Amino acid sequence: NAGVTQTPKFRILKIGQSMTLQCTQDMNHNYMYWYRQDPGMGLKLIYYSVGAGITDKGEVPNGYNVSRSTTEDFPLRLELAAPSQTSVYFCASSYGARSTDTQYFGPGTRLTVL
Amino acid sequence: GESVGLHLPTLSVQEGDNSIINCAYSNSASDYFIWYKQESGKGPQFIIDIRSNMDKRQGQRVTVLLNKTVKHLSLQIAATQPGDSAVYFCAENKNDYKLSFGAGTTVTVRA
């Protein structure tokens, strides 16, 4: 299993541009998550999904959108990039929502907005 | 507020010594605590977890201690190796998927 994969690894955007961060998992996990990690900080939850067709907001959803058309894929969309969205973005997945269902993380996408 | 935090942002350890990484939490309703390791350029990786009804749990070279009286969590790494150099995060949740992460401690292992 490849686990959780993310593309691209790095991206530089200009203010106002849009892009989609891709996330795919091959573990047949129901739950998927998007986090952002700012320098020297812990991860903050942006959006999550409990299954195909179902998504909900996390702690910091403003400026982002998600969709979940399949179990495997959970793309994150930035519509109008702003410098405040400069961060490292991590996708994660878990089998269930219990506290003991380990979340597995992808390698991250480093995004810079200039 | 309710948050999870780490006492020190950095820790330098001599190879072969034991490491102790500390974490304080403020939400007494949390019932599950997790330690993650994040190597440079990679995503967080699960190390070990502990439920709130336990005070100690051991894994391979790692031990997590939980002191609910003072809301304190620690990760002990025995015989620290160069491969242990990473950022270590504690996280907590209340029996659901919503993890709250601390800011992290960067561990550097000296040869």
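Nothing in this text is a laboratory measurement; each read-out follows from the coordinates by a stated rule. As the structure is a computational prediction, the values presented were derived from the model and not from experiment. Backbone-built Cβ (ideal geometry, glycine too); neighbour counts: all protein chains shown.
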- [ ] Take B:G43 and decide whether it is of a type outside the set (F, W, Y) and touching a Pro at 6+ places or on another chain (Cβ under 9 Å).
- [x] yes
Open item on the list: I'm checking my understanding of the structure. Among residues of the range B:75-101 that are hydroxyl-bearing (S, T, Y) and farther than 17 Å from B:R51 by Cα, which one is nearest to the other protein chains (Cβ to nearest Cβ)?
Closed with: B:Y88
TODO: Among the residues of the range A:5-27, write down those that are closer than 13 Å to A:F74 by Cβ and not acidic (D, E).
DONE: A:T5, A:Q6, A:T7, A:T20, A:L21, A:Q22, A:C23, A:T24, A:Q25, A:M27
Open item on the list: If I filter the range B:13-47 down to residues being part of a strand (DSSP E or B) and of a type in the set (S, T, Y), which single residue comes out as farthest from the other protein chains (Cβ to nearest Cβ)?
Closed with: B:S19
Task: Selection count where residues are part of a loop (DSSP other than H, G, I, E, B) and at the interface with another protein chain (Cβ under 8 Å from one of its Cβ atoms), scope the range A:97-114 - done: 10
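For every residue, the table says whether it meets (1) without any contact (Cβ under 8 Å) to a residue 40 or more places away in the chain; (2) under 21 Å from B:C90 (Cβ atoms); (3) buried (at least 20 other Cβ atoms within 10 Å of the Cβ).
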position	(1), (2), (3)
A:A2	yes, no, no
A:R11	no, no, no
A:M19	no, no, no
A:D26	no, no, no
A:T55	yes, no, no
A:G58	yes, yes, no
A:D73	no, no, no
TODO: Determine whether A:Y35 is among the hydroxyl-bearing types (S, T, Y) and either in contact with a Gly (Cβ under 9 Å, 6 or more places away or on another chain) or surrounded by fewer than 16 Cβ atoms within 10 Å (Cβ to Cβ) (or both).
DONE: yes
TODO: Please verify whether the range B:73-92 includes one or more residues that are within 22 Å of A:S93 (Cβ to Cβ) and in contact with an Asp or Glu (Cβ under 7 Å, 6 or more places away or on another chain).
DONE: yes
- [ ] Go through (1) crowded, with 16+ Cβ neighbours inside 10 Å; (2) part of a loop (DSSP other than H, G, I, E, B); (3) not charged (D, E, K, R) and name the single condition A:Y48 misses.
- [x] (2)
Task: One residue from B:V62, B:V87 being closer than 29 Å to A:P39 by Cβ and free of Cβ contacts under 8 Å to residues at least 40 places away in the same chain - done: B:V62
